[in-house]
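Scroll down for the structure; my scribbles are underneath it.
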Amino acid sequence: MHEEPQIKIGETAQPEGGRFHFALLLAAAAVLVLVPALYFLPGRQSPPGAAPMGARFAFGPAEQAYASTIRVENIAMSRAENFLNQEITSLSGELVNGGDRGLRGVEVTIDFSDELNQIALREPRSVLTPGSAPLGAGERRSFEVSFEHIPSSWNMQQPLVRVTGLQF
């Protein structure tokens, strides 16, 4: 009798937890992609270097007195659509320091009115931040702020822009 050689192929052993490690790596990669994406997501309303949301500049008696020397000129509004098909409304203008002191920070409050001349939206925004170059006496500087969500009751008129915070 002749015996035929037999070849046994053993089962390949899969490392323990192989699927678990793959899922863990996939989850880590997703986190590494999503966290920066959420941080840089369009619609963040603070420009880079802006004062943190909720941070307010002082507006005591000295700042209130000096605020009358600051003018907001050449206000223009525009609307555009971002790549997510969201409509963005932008307000641009020039900040003019008509006083005799330099400014490191300026906050304005922008009031959008409705048809009954009531406030439909009121938003404080920093237009000059401590991280940017100071605005010297007699100087002017352009600024732009964007809004994603303006109520439909807005009367489509130019909003009121007033200085509500200063940092010398």
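The values are calculated or read from the model by the stated rules, or taken from the named source; none is laboratory data. Keep in mind the model is a prediction, meaning the values are calculated, not measured. With ideal geometry, Cβ positions are generated from the backbone for all residues, glycine too; neighbour counts draw on all protein chains shown.
Do you know which residues across region 146-164 are under 19 Å from GLU73 (Cβ atoms), outside any loop (DSSP other than H, G, I, E, B) and not polar (S, T, N, Q)?
Hits for region 146-164 are LEU160, VAL161, ARG162, VAL163.
Give the residue, chosen from GLY60, GLY98, that is over 22 Å from SER153 (Cβ atoms) and surrounded by fewer than 12 Cβ atoms within 10 Å (Cβ to Cβ).
None of the other options fit; the residue is GLY60.
Could you tell me whether any residue of region 55-70 is at pLDDT below 50, farther than 20 Å from ASP111 by Cβ, within 23 Å of the chain's Cα centre (by Cα) and not in a helix (DSSP H, G or I)?
no
Among the residues of region 25-33, is there at least one that is under 24 Å from LEU121 (Cβ atoms) and modelled with pLDDT under 95?
No, every residue in region 25-33 fails to be under 24 Å from LEU121 (Cβ atoms) and modelled with pLDDT under 95.
Check off (1) modelled with pLDDT under 95; (2) out of contact with any helix residue (DSSP H, G or I) (no Cβ under 9 Å at 6 or more places or on another chain); (3) of a type outside the set (Asp, Glu) for GLY93 and give me the number that stays unchecked.
Tallying (1) modelled with pLDDT under 95; (2) out of contact with any helix residue (DSSP H, G or I) (no Cβ under 9 Å at 6 or more places or on another chain); (3) of a type outside the set (Asp, Glu), GLY93 fails exactly one: (1).
How many of the residues making up region 119-145 are surrounded by fewer than 19 Cβ atoms within 10 Å (Cβ to Cβ), more than 16 Å from the chain's Cα centre (by Cα), part of a strand (DSSP E or B) and not β-branched (Val, Ile, Thr)?
Count: 6.
Would you pick out the residues in region 81-105 that are part of a strand (DSSP E or B) and closer than 20 Å to VAL161 by Cα?
Residues satisfying the conditions are ILE88, THR89, SER90, LEU91, SER92, GLY93, GLU94, LEU95, VAL96, ASN97, LEU103, GLY105.
Any chance you could count how many residues in region 121-155 are acidic (Asp, Glu) and within 16 Å of LEU95 (Cα to Cα)?
2
So which residues in region 63-80 are of a type outside the set (Ser, Thr, Tyr), within 14 Å of ARG162 (Cβ to Cβ) and free of Cβ contacts under 8 Å to residues at least 12 places away in the same chain, if there are any at all?
Hit for region 63-80 is GLN64, nothing else.
Looking at the structure I just gave you, is VAL108 without any contact (Cβ under 8 Å) to a residue 40 or more places away in the chain and either small (Gly, Ala, Ser) or closer than 14 Å to ARG162 by Cα (or both)?
Against the criterion (without any contact (Cβ under 8 Å) to a residue 40 or more places away in the chain and either small (Gly, Ala, Ser) or closer than 14 Å to ARG162 by Cα (or both)), VAL108 does not qualify.
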